[in-house]
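The values are calculated or read from the model by the stated rules, or taken from the named source; none is laboratory data. Because the structure is predicted, anything quoted here is derived from the model rather than measured. Cβ: placed from backbone, ideal geometry, glycine included. Neighbour counts: every protein chain shown. What goes into the accessible areas is simple: the full protein's heavy atoms, side chains included, and nothing from ligands, DNA or RNA. Shrake-Rupley method; radii C 1.70, N 1.55, O 1.52, S 1.80 Å.
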Amino acid sequence: MTAETKPASPPLTERQEARRRRILQAGALLAGRGGFEAVQMREVAEAAEVALGTLYRYFPSKIHLLVGIMQDRLQHLHGTLRRHPPAGDDAAERVAGTLMRAFRAMQRKPHLADAMVRALTFADRGVSAEVDTVSRITTAIILDATGLEHPTPEQLSAVRVIEHTWHAALITWLAGRASIAQVQTDIETVCRLIGPTTPPAAP
């Protein structure tokens, strides 16, 4: 059976989900303390109180785990933003505010942010499904922030460019090549690609 025809995994039981949650929390704690190199699978298993073999069934590698942590953080942000939508007079302002909110969350835990971004950068085809999920959540966050019910093809293209720019800005900031002010300027600039969100007045 090929990967394309492989059926979806059954949903996790409550106990399995609790175990997965402990693993994510343990990995995030280790990464937050010492970055990418500090995340050792044996130590994650010990901190999460699971067998090493069990850990590998949930996350086959450290890259899978760190991308999973990124996915979890973005899902949490997405839920928060749906409960408390961003303010702003237009879509560009709302999207920029949303992405800077996400950036500031990364800024509070730079070691964890660096570990997650490095994992996304190092991810090969074996982690493509997980990386695609991160991208889909990021896209959904941006689209929700626009408030557009029916974005045009041009606006969807702009959303993709915004996502790429946000990711690149995060990398350059983590590498010490961009200040927070520069990141904000770049994000605000690229968000203007969304363009007007209301139809022009009839002549």
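Okay, here's what the table says:
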item: Residues in segment 24-57 reached by a label modelled at Lys109 [backbone nitrogen below 18 Å; 7 Å Cα→Cβ]; result: 24-41, 43-49
item: Order of exposure, largest accessible area first, which applies to Glu14, Glu43 with probe 1.4 Å; result: Glu14, Glu43
item: Calculated over segment 27-121: convex hull of Cα atoms, volume per residue (Å³); result: 102
item: Cα-based Rg / Dmax (Å) for the chain; result: 18.6, 69
item: Ordering of 123-130, 149-156, 70-77 by burial proxy (mean other Cβ atoms within 10 Å per residue, highest first); result: 70-77, 123-130, 149-156
item: Positive-end residue of Ala105, Leu24, Ile142, charge dipole of the chain with Cβ unit charges; result: Leu24
item: Accessible surface of the chain, 1.4 Å probe, proportion on carbon and sulfur as whole %; result: 54
item: Heavy-atom accessible area per residue - the chain, 1.4 Å, Å²; result: 59
item: Most mobile listed residue (Gly35, Gly176, Gly68) in the chain, GNM with C-alpha springs under 10 Å; result: Gly176
item: Inter-probe distance in nm under a simple model that places probes 7 Å from Cα toward Cβ, at Ala38 and Ile180; result: 2.0
item: Segment 113-203: equivalent-ellipsoid semi-axes (sqrt of 5 x gyration tensor eigenvalues, Cα, Å); result: 28, 18, 8
item: Full-stretch length increase - Thr121, His150 - with 0.36 nm per residue and alpha-carbon distance subtracted; result: 7.3 nm
item: Helix-derived mean residue ellipticity, 222 nm - over the chain, DSSP H n ≥ 4, -39500 (n - 2.57), to 500; result: -23000 deg cm²/dmol
